[in-house]
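Working notes, beginning with the structure itself.
Readers should treat all values here as calculations from the given coordinates under stated rules, not as data from a laboratory. Here the structure is a predicted model, which is why all the values come from computation and not from measurement. Cβ sites come from the backbone with ideal geometry, for glycine too, and all protein chains shown count toward neighbours.
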Amino acid sequence: MTGPALNLGDRNQVLAVYRRHLSKGRASLVQLLGAPMEVSSSGTRVTDSQGIEYLSCGGYGVFLLGHCHPSVTDAVVRQVRRHPLATRLLLEPSAAGAATALARVTPAGLDRAHFVNSGAEAVETALKLARAHGKRTVITTAGGYHGKTLGALSITANRLYQVPFEPLLPDVHEVPYGDASALEAALDACPESCVVLEPLQGEAGVVIPPACYLREVRQLCSRYGAFMILDEVQTGLGRTGRWWAAQREDVVPDMLLVGKGLSGGVVPVAALTTTTELYKPFSSDPYLHTSTFGGSPIAMAAAQATIEVIESEGIVELTRELGTDLLRQLRSIAARCPGNAITEIRGSGLLIGIEFRDSGSATEFLLGMVQQRVLVNHCLNSQRVVRLTPPASLSRDDVSWLLDAFEKAVLSTTDRI
């Protein structure tokens, strides 16, 4: 039985379908933002159904290379035409290429890769691998965000998302982020644990820990025989101006989780990387933890091409330089704007958080940025913080656009409070 053809260029029709078949809440949010439909993208721009361009400074950290980077897109298109998905019985050369590229840039010793489809899946993989080694107690940090699948949600410190799905995993203990003494007390009580944390908390509002904190965590985990699982799904692969955010303290975890930017902004992909010794349970039994689509050839093509672009185009260095300059200019603009809506601007590389005195001001600012055709994100674990995660390919004109929009949105926010 067929009905009338859906006009995908008609915003009202698409909203109606969202309400009927997808998410009423998502439709309501889009209406609140007054947002159009995004239908294409390239470089630093996203284009709506009316042909209007938006500057892409959101996307939750996915688009460090921008949208549709030609090298990544071409690699994926070639793979689609040749062999997009695998039988999972024979060897897959695309996976070998991606694993070789990833091992080339991960910290020394983390030379085993387990590819999955999302950051949350990488977290689930880490929790299962830890359990395979007898580590059934998990220590996580306040404000931490690790995903919304059941295991990942159990260690994501936000009751709003947890309560509807309880009971969650048992034996999960939360300690304050940045407090090594609290972690030591938890490990003293439960030494056979795995500690899961971010080197810089993204969804908590771009929270940067005290100096030497990560090094202290590494030392404590080694002392107590606990696994240190570092979630660099958002911060890794150059986003903070280093290949890995933990490199600022020369810390090598037992497991490193990678995602978001690994996709090159083209195909979803994530990974767990670890040592040969720790990977033994999964290495010896290839069916112990599997996924039909994990490590698909098209995802592997995207991952390999992404790493090669980061290397060849000096993305890490570009991110560090551009992020330093943006942070300075944003702070300068905020300082000369009247009022006190903004309490702090902080960041590392191109992961920048703008904290407001209340959540209402943050929402007004976000709406103001959309009105100026700049796409940004709020933080899921901190409603007072709006986050900027722009591509490293921002041009001078893009930077001017961003700064001008920022000033206008701040002034508009100040006028309304």
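Some points to look at:
- In this simple spin-label model, placing a label point 7 Å from the Cα along the Cα-to-Cβ direction at both LYS148 and GLN162 gives a separation of 1.7 nm.
- Using R0 = 41 Å, the C-beta based FRET efficiency linking VAL80 and SER400 works out to 0.65.
- Highest mobility in the GNM of the chain, judged by mean-square fluctuation with C-alpha springs under 10 Å and restricted to TYR54, TYR287, TYR161, is found for TYR287.
- In sequence order, calculated HN-Hα J values of the range 314-321 (Karplus, 6.51, -1.76, 1.60; Hz; x Gly/Pro): x, 4, 4, 5, 4, 4, 5, 5
- Estimated FRET transfer efficiency when R0 is 60 angstrom, pair ALA35-GLU277 (beta carbons, to 0.05): 0.80
- Efficiency of FRET from Cβ geometry, GLN13 and ASP285, R₀ 60 Å, rounded to 0.05: 0.75
- Where a label projected 7 Å from the Cα of THR100 along Cα→Cβ would reach, residues of the range 274-309 with amide N under 16 Å: 300-309
- Note on the chain: antiparallel DSSP beta bridges, both residues inside, total approximately 65 percent of the bridges counted.
- Sorted largest first, extent of the range 70-312 alpha carbons per principal axis (Å): 54, 36, 36
- Unit charges at the beta carbon, dipole of the chain: most positive-side option, VAL195, THR306, HIS67: HIS67
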